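Single-structure report; data block below.
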């Protein structure tokens, strides 16, 4: 059986950051990603990121991705692309459908001393009449088409959802030359940052809060040609007589994400439901280790947030995995973690981050209550 | 109406929430107008300013504060703000006209000298304006800054131009 010291699932910001830290410390690291290209969602993010200017803020996601990839390569990280982790098995075995060696995929089992699951998140769906009509897609799909493949998915779009994904992808669709007819938001408030909403508004695009989509109506060619929306009451049910019809050939859905925790479930990692993080998330400690020893989680898998927080959580997991292997002394690892947690706390401040800061603390507390604080095997001599 | 319902602020609402430049400062020439009203963790504008005129400090969720006497209206912060929320307003461009500079990340870019349709914060047409300058050096990282000349009196409202198709 193949062996690696650290296997990381996912080459997004969390997985790459984890791989860099672990490899720099001296660990032998394999990153597995099912996509043809590494970077997760980073290479789709053509906008400039918020955050501290000391840590990538003001840089576009795509450039952060390039920088991370470069660092990972320099640190000697091994990367299997086009390869899917199909399961984690007792005894720290990672089942991989390896597509990195050529067109033919092969099942490989790799034994890993430490496993970091940074598998990201998946988009939530909304069901409405005509939701399977061609032209209805997740905002993430539309973003991949325009920013990665340079293909316009339509000419005139209605965006469902006004969180940051809805606002940013609407802006990027306009940059790609697609008209955005409107944003439709069921909640009474715009979900995302005001500055993102302001970009949409000064481009003349209305944001209909307290509205929902009723139907995507197909035209003669079977693809979306009209979108019917309506106001919703306080019960979120459509109000009779408020329907309006919008001409559009594209419906993009940005109604939140949920953590991809399937692999953690397979390992019986303890999960808890947390609405602030998009659904079931693994209990973990300050080392990002789950309730199962030597299994770590980082990034959206550990609770949906932003690329900036995913990067920092990935660093925590990478340092801690290297620490478990004995490459970093416990005291040193603890010092590095303190610095990173301080940065995470700063990123989780303010009206948008506060709830996540509180909930993250709850998850850490619950971990300590249920699992206790495990001591890494290698102690400072 | 609150910003989280409409997605924009009018100038009076903005001035109620944030420090905007004083009338005295506006009369001295170009100055930054920072339209960032939510405490989000972000501080690139602070380090962008070579005159140390923008202060955020710790924590980085603090709103940026402008020292209007240090600000020269150079515009370095405009392209650095990830939220595209900083504008430069020059209310004394000529006796009868003002200029507004704003970030513009669409193609095609208008041409210098072109007449454009200036719009307010909700995209509504205000007046025709003339593009007096477009700066787009590599250091702006694909966020060109356009300066349009508009009649004096609308410079608190104009914040962009209609996209050309």
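The values are calculated or read from the model by the stated rules, or taken from the named source; none is laboratory data. Here the structure is a predicted model, which is why all the values come from computation and not from measurement. Virtual Cβ from ideal backbone geometry, glycine too; neighbours counted across all protein chains shown.
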- line: The condition of being in contact with a strand residue (DSSP E or B) (Cβ under 9 Å, 6 or more places away or on another chain), part of a helix (DSSP H, G or I) and over 15 Å from residue A:21 (Cβ atoms) holds, among A:366, A:354, A:313, only for A:366
- prompt: Can you pull out the residues in region B:14-43 that are under 20 Å from residue B:68 (Cβ atoms) and more than 15 Å from the chain's Cα centre (by Cα)?
  reply: B:16, B:17, B:22, B:23, B:24, B:25, B:27, B:28, B:43
- prompt: Does any residue of region A:154-166 turn out to be without any contact (Cβ under 8 Å) to a residue 40 or more places away in the chain, assigned to a loop (DSSP other than H, G, I, E, B) and within 23 Å of the chain's Cα centre (by Cα)?
  reply: no
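Restricted to region A:38-56, and to residues that are closer than 20 Å to residue A:148 by Cβ and within 14 Å of chain B (Cβ to nearest Cβ), which residue is surrounded by the most Cβ atoms within 10 Å (Cβ to Cβ)?
Of all residues in region A:38-56, those closer than 20 Å to residue A:148 by Cβ come to A:38-49.
When the remaining residues are screened for being within 14 Å of chain B (Cβ to nearest Cβ), the result is A:45-49.
Values: A:45: 23, A:46: 20, A:47: 23, A:48: 26, A:49: 22.
Across region A:38-56, the extreme among qualifying residues is A:48.
Does residue A:253 satisfy the criteria of being within 21 Å of the chain's Cα centre (by Cα), modelled with pLDDT of 95 or more, buried (at least 20 other Cβ atoms within 10 Å of the Cβ) and under 21 Å from residue A:178 (Cα atoms)?
On the way: within 21 Å of the chain's Cα centre (by Cα): yes; modelled with pLDDT of 95 or more: yes; buried (at least 20 other Cβ atoms within 10 Å of the Cβ): yes; under 21 Å from residue A:178 (Cα atoms): yes.
For residue A:253, the condition - within 21 Å of the chain's Cα centre (by Cα), modelled with pLDDT of 95 or more, buried (at least 20 other Cβ atoms within 10 Å of the Cβ) and under 21 Å from residue A:178 (Cα atoms) - is met.
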- prompt: Inside region A:101-120, can you point out the residues that are under 25 Å from residue A:322 (Cα atoms) and either surrounded by fewer than 22 Cβ atoms within 10 Å (Cβ to Cβ) or in contact with a helix residue (DSSP H, G or I) (Cβ under 8 Å, 6 or more places away or on another chain) (or both)?
  reply: A:108, A:109, A:110, A:111, A:113, A:114, A:116, A:117, A:118, A:119, A:120
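From the residues in region A:167-184 that are in a helix (DSSP H, G or I) and at the interface with another protein chain (Cβ under 9 Å from one of its Cβ atoms), which one is surrounded by the fewest Cβ atoms within 10 Å (Cβ to Cβ)?
Just the residues of region A:167-184 that are in a helix (DSSP H, G or I), to begin with: A:167-175.
Next, from what is left, pick out any that are at the interface with another protein chain (Cβ under 9 Å from one of its Cβ atoms): A:167, A:171, A:174-175.
Values: A:167: 30, A:171: 22, A:174: 20, A:175: 17.
Here the answer is A:175.
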statement: Taking region A:2-36 and keeping only residues that are at negative phi, assigned to a loop (DSSP other than H, G, I, E, B) and over 16 Å from the mean Cα position of the chain (by Cα), one is left with A:25, A:27, A:28, A:36
query: Of all the helices (runs of 4 or more DSSP H) wholly in region B:4-123, which have at least 2 residues that are more than 7 Å from chain A (Cβ to nearest Cβ) and more than 16 Å from residue B:134 (Cα to Cα)?
result: B:11-17, B:23-26, B:44-48
message: If residue A:192 meets every condition in (1) outside the structural domain of residue A:311 (by TED's automatic domain parsing); (2) within 19 Å of the chain's Cα centre (by Cα); (3) surrounded by fewer than 16 Cβ atoms within 10 Å (Cβ to Cβ) apart from one, which number is that one?
response: (3)
